[in-house]
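Notes for the one structure printed next.
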Amino acid sequence: MDTRGTIFVRPPTSGQSLKDFSSHLFGWLGIPSFTEDCFGGWKVDIERFIGSAVGITVEIRENNKKVLEPYPFIIYLSPQGTSMAADYLVQHAHTLAWRLSRDGFRCFVPKDLVIVHSDQDGMIYDA
């Protein structure tokens, strides 16, 4: 089971770039600086934006999971400076998803990222 906080996000307007979405979200979260990074994934290079505040690292990347296509972006919350499990971040993900939904975003927080097949395998937050 993945114990990072994970949120699949669909913005209120379609066609938004990953960079624009990330800039908006980091500004909204009050994270003034973030970095752009690219790493090799399975058959594809993955672009991501990473910032941190109050001991939490926020990573934003495009969603390449075909089963959840309506959600173009994924937000990962993990403890800053470590890869250790942090179950409390799952609750943070629910809180952030609920708050984003108040601003018109549709969000999905999976029960278990490893076995998710559709947005019925977790909690949907919609305005």
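Please treat every number below as a calculation from the coordinates, not as lab data. Every value quoted in this text rests on a predicted model; they were computed, and no experiment measured them. Glycine also receives a Cβ, built like all others from the backbone with ideal geometry; neighbour counts cover every protein chain displayed.
A few notes on this one:
- Site pair R99 and V54 shows an inter-label distance of 0.7 nm when each label is modelled 7 Å from Cα along Cα→Cβ.
- Cross-link reach is defined here as a Cα-Cα straight distance under 18 Å, omitting same-chain residues fewer than 8 places apart; for K66 the aspartates and glutamates meeting it are D45, E47, D112, D119, D121.
- Between Q120 and S33, the FRET efficiency estimated from the beta carbon spacing at R0 = 41 angstrom works out to 0.65.
- The spread of Cα positions in the chain, taken along each principal axis and listed from longest to shortest, comes to 34, 32, 32 Å.
- Report note on the peptides 29-35, 17-23: ranked by the mean count of other C-beta atoms within 10 Å, highest first, their order is 17-23, 29-35.
- Three-way shape call for segment 10-63 based on the alpha-carbon gyration tensor, with the a/c threshold at 1.5: oblate
- Helical runs (DSSP H, four residues minimum) scored at -39500 (n - 2.57) apiece and divided by the length of the chain put the mean residue ellipticity at 222 nm at -6500 deg cm²/dmol.
- For A53, distant residues with modelled amide H under 5 Å away: V58
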